[in-house]
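Encoded as structure tokens, the structure appears first; notes follow it.
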Amino acid sequence: MKRVYIALGLLAAIIALSACSLSTYISVQKEVTAQMDHLDSLIEREDYETLAEEAKAVSEGWNEKEHLLIRFIRHQELDEVTSTMTRLPMLAKYLDLGELSAEINHIRVLLHHILDSEIPYPRNVF
């Protein structure tokens, strides 16, 4: 009977850890999506000096978030977001606005895709 309780305890710990990691990712996704929306609004307002500063700040902030997320999300997907994030400051600095907007939207899609693959839907579990 002790083995059943140990197995149930381990199962509860795995479920709790999974729920915690999912909620952490959701909060990071919401924060980064809000930052992408802010960058889009700066492009629309044509505030290019602030755009370059904010793009650099977002890119640097992502590095800290990546170290948190890398513990429980596949590296390949995070690496793709990271490589896209590193392009943002230079695109903003040189005012390549079309490419910058495309990369911002690409980051949104990648973050949504990661969330979709991390939620325990039956298609993700089995």
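The values are calculated or read from the model by the stated rules, or taken from the named source; none is laboratory data. Everything numeric here is computed off the predicted structure, so don't read it as measured data. Neighbour counts are summed over all protein chains in view; Cβ atoms, including those assigned to glycine, are modelled from backbone coordinates with ideal geometry.
From the list LEU17, LEU42, LEU10, LEU95, which residue is among the aliphatic types (A, V, I, L, M), over 19 Å from VAL109 (Cα atoms) and in contact with a Ser or Thr (Cβ under 8 Å, 6 or more places away or on another chain)?
On the way: LEU17 fails: in contact with a Ser or Thr (Cβ under 8 Å, 6 or more places away or on another chain); LEU10 fails: in contact with a Ser or Thr (Cβ under 8 Å, 6 or more places away or on another chain); LEU95 fails: in contact with a Ser or Thr (Cβ under 8 Å, 6 or more places away or on another chain).
Going through LEU17, LEU42, LEU10, LEU95 in turn, just one is among the aliphatic types (A, V, I, L, M), over 19 Å from VAL109 (Cα atoms) and in contact with a Ser or Thr (Cβ under 8 Å, 6 or more places away or on another chain): LEU42.
Of everything in the range 30-50 that is more than 20 Å from the chain's Cα centre (by Cα) and surrounded by 12 or more Cβ atoms within 10 Å (Cβ to Cβ), the residue that is farthest from THR86 (Cα to Cα) is ASP47.
Considering (1) at negative phi; (2) not in a helix (DSSP H, G or I); (3) not aromatic (Phe, Trp, Tyr), say which one GLU64 fails and leave the rest. Among (1) at negative phi; (2) not in a helix (DSSP H, G or I); (3) not aromatic (Phe, Trp, Tyr), the lone unmet condition for GLU64 is (2). Consider MET85 carefully, then state whether it is over 17 Å from GLU31 (Cα atoms), in a helix (DSSP H, G or I) and at pLDDT 95 or above. The answer is no for MET85. Taking the range 1-51 as the range and being among the hydroxyl-bearing types (Ser, Thr, Tyr) and more than 28 Å from LEU68 (Cα to Cα) as the test, the residues that pass are TYR5, TYR48.
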